[in-house]
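Student: Shown below is the structure under consideration.
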Amino acid sequence: MRRSWTFRSAFAKRIQLYPCTGTRRTIPARSSWYRDKLILYGCGDFVDDYEGIRGHEQYRDDLSLLYLVSVQPQTGNLIALRMAPMQARQMRLRHASSEDAQWLRSVLNRISRHFGVRVDPEPDGMLAVRRA
């Protein structure tokens, strides 16, 4: 166990990702940079059992993002962040529709622009995070 912890600790110090996770899938949250390192907010659970709870449908908690992060191995500096928009239904994940991906992109752009971040669509349906 200690060996695993030591590896994770050394890996985290080198890469220096700053995930700010929640306890469950939440509404889309912003991302930002700190000293060329990535900060992800509100990652939460990727799949959860909250499906069907009524009253907050406008938050679209059926949608989530699969984060694909590329960093420079020597410095841990962010090279690229791509996100795959996903939709959960009946405890299964599938790719979100293009309309749902556009909704996620709009929300992410609105909440991230003040932090110097923009989200652009990619031809393959992915979303790419870039500095604004």
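The values are calculated or read from the model by the stated rules, or taken from the named source; none is laboratory data. Predicted model only: the values in this text are computed from it and were never measured. Counting neighbours? That spans all protein chains shown, and the Cβs are built from the backbone with ideal geometry, glycine included. In case anyone asks, the SASA skips ligands and DNA or RNA and just uses the protein heavy atoms, side chains included. Shrake-Rupley method; radii C 1.70, N 1.55, O 1.52, S 1.80 Å.
Student: Do you know which residues across the range 92-132 are of a type in the set (Ser, Thr, Tyr) and under 17 Å from LEU66 (Cβ atoms)?
Tutor: If the condition is that a residue be of a type in the set (Ser, Thr, Tyr) and under 17 Å from LEU66 (Cβ atoms), then SER97, SER98 are the ones that fit.
Student: Could you please find all residues in the range 122-132 being open to solvent by 50 Å² or more (accessible area, probe 1.4 Å) and under 18 Å from TYR34 (Cβ atoms)?
Tutor: Correct list: ARG130, ARG131, ALA132.
Student: Would you check which residues across the range 70-121 are part of a strand (DSSP E or B), open to solvent by 30 Å² or more (accessible area, probe 1.4 Å), touching a residue at least 24 places away in the same chain (Cβ under 8 Å) and of a type outside the set (Lys, Arg) and list them?
Tutor: Within the range 70-121, VAL71, LEU78, ALA80, LEU93, HIS95 meet the criteria.
Student: If you don't mind, another one. Is it the case that the range 6-17 has a residue that's modelled with pLDDT under 60, in contact with a Leu (Cβ under 7 Å, 6 or more places away or on another chain) and surrounded by 13 or more Cβ atoms within 10 Å (Cβ to Cβ)?
Tutor: yes
Student: Just give me the residues in the range 59-69 being touching a Lys or Arg at 6+ places or on another chain (Cβ under 6 Å) and either surrounded by fewer than 12 Cβ atoms within 10 Å (Cβ to Cβ) or not in a strand (DSSP E or B) (or both), in sequence order.
Tutor: Within the range 59-69, ASP61 is the sole residue that qualifies.
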